[in-house]
1. Please state which one of A:150, A:75 is at pLDDT 90 or above and of a type in the set (D, E, K, R).
2. For residue B:151, are the conditions met, namely being more than 23 Å from residue B:537 (Cα to Cα) and open to solvent by less than 10 Å² (accessible area, probe 1.4 Å)?
3. Could you figure out which of (1) open to solvent by 10 Å² or more (accessible area, probe 1.4 Å); (2) in contact with a Phe, Trp or Tyr (Cβ under 6 Å, 6 or more places away or on another chain) isn't true of residue B:282?
4. For the stretch B:1-21, which positions are open to solvent by 30 Å² or more (accessible area, probe 1.4 Å) and either at pLDDT 95 or above or closer than 25 Å to residue A:74 by Cβ (or both)?
5. Determine which single condition residue B:528 fails, assuming it passes every other condition in (1) touching a Ser or Thr at 6+ places or on another chain (Cβ under 9 Å); (2) aliphatic (A, V, I, L, M); (3) without any contact (Cβ under 8 Å) to a residue 60 or more places away in the chain; (4) surrounded by fewer than 19 Cβ atoms within 10 Å (Cβ to Cβ).
6. If only one of B:82, B:33, B:49, B:102 is in contact with a helix residue (DSSP H, G or I) (Cβ under 8 Å, 6 or more places away or on another chain) and more than 30 Å from residue B:543 (Cβ to Cβ), which one is it?
7. In this structure, is residue B:185 open to solvent by less than 10 Å² (accessible area, probe 1.4 Å), touching a residue at least 40 places away in the same chain (Cβ under 8 Å) and either within 19 Å of residue B:432 (Cα to Cα) or basic (Lys, Arg) (or both)?
8. Any residue in the stretch A:78-100 that is within 7 Å of chain B (Cβ to nearest Cβ) and on the phi > 0 side of the Ramachandran plot sitting within a Cβ distance under 8 Å of a residue that is β-branched (Val, Ile, Thr) and assigned to a helix (DSSP H, G or I)? List the pairs, counting only those 6 or more apart or interchain.
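The values are calculated or read from the model by the stated rules, or taken from the named source; none is laboratory data. For clarity, every value in this text was computed on a predicted model and none was experimentally measured. Counting neighbours? That spans all protein chains shown, and the Cβs are built from the backbone with ideal geometry, glycine included. The area values use the complete protein model at the heavy-atom level, side chains included, leaving out ligands, DNA and RNA. Shrake-Rupley method; radii C 1.70, N 1.55, O 1.52, S 1.80 Å.
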Amino acid sequence: MSRFLLAIQAWWRTLVNAEFGRQVAELLSGKPAAPALPAESAPFSKPEPAAQKQPEVVRRPQRSEALTLLATLQREARLVDFLKESIGEYSDAQIGAAVRDIHRDAAGVLDRLFKIRPIEAHEEGAEIQAPAEADRYRLIGTVHGAPPHRGRLVHHGWEAARCEVPEWSGNSVASQVIAPVEVELLG
Amino acid sequence: MVAKFVIGIDLGTTNSALAYAALAADKPQVQVLPIPQLVAAGTVEPRTLLPSFLYLAQEHEVKARSFDLMKAKGRDFAVGELARRQSAEMPDRTVGAAKSWLGHSQVDRHQPILPWNAPAEIPKISPVTASQRYLEHLVAAWHAAVPDAPIAQQHVVLTVPASFDASARELTREAALAAGLPQSLVLLEEPQAALYAWLADEGNRWRKQLKVGDTLLVCDIGGGTTDLTLIGVADEAGELVLRRIAVGNHLLIGGDNMDLALAYRVSELFAEKGTKLDPWQSISLWHSCRTAKEALLAADAPKKHSIAVLGRGSKLIGKTVSVEVDRELVTDLLVNGFFPECDTKDRPIRRRTSGFQEIGLPFESDTAITRHIAEFLAQHGDPKTGPVQPTHLLFNGGVFKADRLRTRLVEILAGRSKKSPPRPLAGATDLDHAVARGAAAYGWSKERGSVRIRGGTARSYYVGIETSGLAIPGAPRPLRALCVVPIGMEEGTAVDVPSQEIGLVVGEPAHFRFFSSSVRKQDKPGDLLSAWDDGDVAETDSLEATLPKDDSLPDSYVPVHFQSKLTELGVFELWCVGSQKEQRWKLEFSVREDAE
């Protein structure tokens, strides 16, 4: 792999993965492993001379990527509104009308952030051979004998080809907020 | 330090993008750079497009540091996706279409005038500064991704609309240099960039698809603008070469107009059901209408498409309303409205609604893009053989994701030549990034030697000269236009303009009115026009020069003639050269003085 591609990869992972960022900070500092501290990734600064290229180690409020993902699904697809609403009182047609938009926008988020794709290319229902090191396969039914096993494909599985949850940089007051209160000013 | 990369930047009216290619590679391997940007307060996500919107923050948002972007702390503005989303709910605080303002010479582009018509207490910025902010963001994203290749040391190609005149190009350049792009920056016309993207995709196969004598129409319909370019295929010493023949005028009409037209019609359908939409819902309707447009204008479109607007508060399903939109409605509104049937003699309908026209952006009054194309092809045709008949067609811009609009344009152009309809060039599937990718591919072929499109200047330029003669009280002296740059003047050349001597007053600024034309191919440097058609010749920012007082000069004025120069980078310069002494003064665009 070219060093350039490696640099980009390392940059993204530093951005989206706190643990990876900590490891990069350690590597760059040349010191032995230190206790985990949130390391600030270095984007959006002018390139600095190599001597000053120590990443700043700053304490800043963090929040779980899971919350950031929920906030994204709410902002773009209104998913939390949808799931929190009691749907018993509505007709199927009315639910259906809302679901098209939510479905389109939530699927857009999943595609963009995770690039989700099937693991197994065969049609469901086809007879396939599960590979010997079957970490990504789940065998069901009567399992006996030594792998590889043959069987009918029930579900093609899903995997994420990337994982790019937005980075959150807000303050601690807002860290648990999934959707802010909205107030329209009158006048 | 030797450049390692070529970088192509598409500074778009609604979206910007950056693509790059390593110079060391054997072929241009162009990649699009993901651009981290704020998508909500305190939330940063990389996207391949940077929406060209700027949001001016409120005080409490600055205090809460909601718009911190990595190391940029306490910012009072945000660009990109967050700003685009804000444009619906807070139009007074959101700048959009800064690029269209750059090309609009009726206003002072250095003055803080945007957001246009916003209340006085809201901070404002100039179109030049807004463009600079978008470019700074792209530059920062580049430095973050590739810290060991400072952009100032790379080869950078920035695209501009083909219809931008010398003054708008100069302002773009000014914003670019302020954002940290190198002096060696090259400006490339967007439709040409789209063609370079196609050439890069095709490799050497393009020579099989095009032959000598072919004429290619590049039809680039972006969010807010339509840009037309004709490119001819010629033979030079047994080698196929591409030559840009003509560019169209700046047309402020694009895909956003179509989506808005549909959204307006659909909001009427909602109103019939008794639903009034708030601004947030209108934006989500706009979004849904774009999807509906692409679905209903696809090759195998369904008869109907349901458009829903979700309830505003947290009660989502209960307040969701939906309407069914027929395919016929969309076809009628968009295909017949924006791409109506027309023949070679049709022309856009131009009307002034009243004597008092607002100074805002000069949007086209005729939305029929096909009639604008008909006019363009007629203007550049031959008096004997009639309008140009393109043999090939290259689509660019997100509008052409809709199949029906592509086929419609081919049908209408085929109407001109029943025997051989223009052939759409295959490929160029990535319509959103084609211009940025093409710009990088162009930079690569410029450095490494590969096929280039030639053509020189797309416009001719004229300096206004007041004729001496009997002055009539109250009437301006008659004006004549001296041609200083012909259409097709090549980069890296200069011409001495033959003319009578012009007297320049010493010690005070001398102003010259300045004009351009994209159709007057016959004019040569030194030609003096005494009458012209307003549709053919447009006035742009004036030029000025101040000659310092010089005691060695006997008179209070200096006789000069003009010399025009087009640098290797495509920058236009006009010089006054003293007739008696070897002295030169450069004329500069005086955009400030033109403010109304």
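1. Numbers: A:150 fails: at pLDDT 90 or above.
Exactly one of A:150, A:75 is at pLDDT 90 or above and of a type in the set (D, E, K, R), namely A:75.
2. Yes.
3. (2)
4. B:15
5. Checking residue B:528 against (1) touching a Ser or Thr at 6+ places or on another chain (Cβ under 9 Å); (2) aliphatic (A, V, I, L, M); (3) without any contact (Cβ under 8 Å) to a residue 60 or more places away in the chain; (4) surrounded by fewer than 19 Cβ atoms within 10 Å (Cβ to Cβ), the one that fails is (3).
6. Working: B:82 fails: in contact with a helix residue (DSSP H, G or I) (Cβ under 8 Å, 6 or more places away or on another chain); B:49 fails: in contact with a helix residue (DSSP H, G or I) (Cβ under 8 Å, 6 or more places away or on another chain); B:102 fails: more than 30 Å from residue B:543 (Cβ to Cβ).
Among B:82, B:33, B:49, B:102, only B:33 is in contact with a helix residue (DSSP H, G or I) (Cβ under 8 Å, 6 or more places away or on another chain) and more than 30 Å from residue B:543 (Cβ to Cβ).
7. On the way: open to solvent by less than 10 Å² (accessible area, probe 1.4 Å): yes; touching a residue at least 40 places away in the same chain (Cβ under 8 Å): yes; either within 19 Å of residue B:432 (Cα to Cα) or basic (Lys, Arg) (or both): no.
It is false that residue B:185 is open to solvent by less than 10 Å² (accessible area, probe 1.4 Å), touching a residue at least 40 places away in the same chain (Cβ under 8 Å) and either within 19 Å of residue B:432 (Cα to Cα) or basic (Lys, Arg) (or both).
8. Final answer for the pair search is A:78/A:102.
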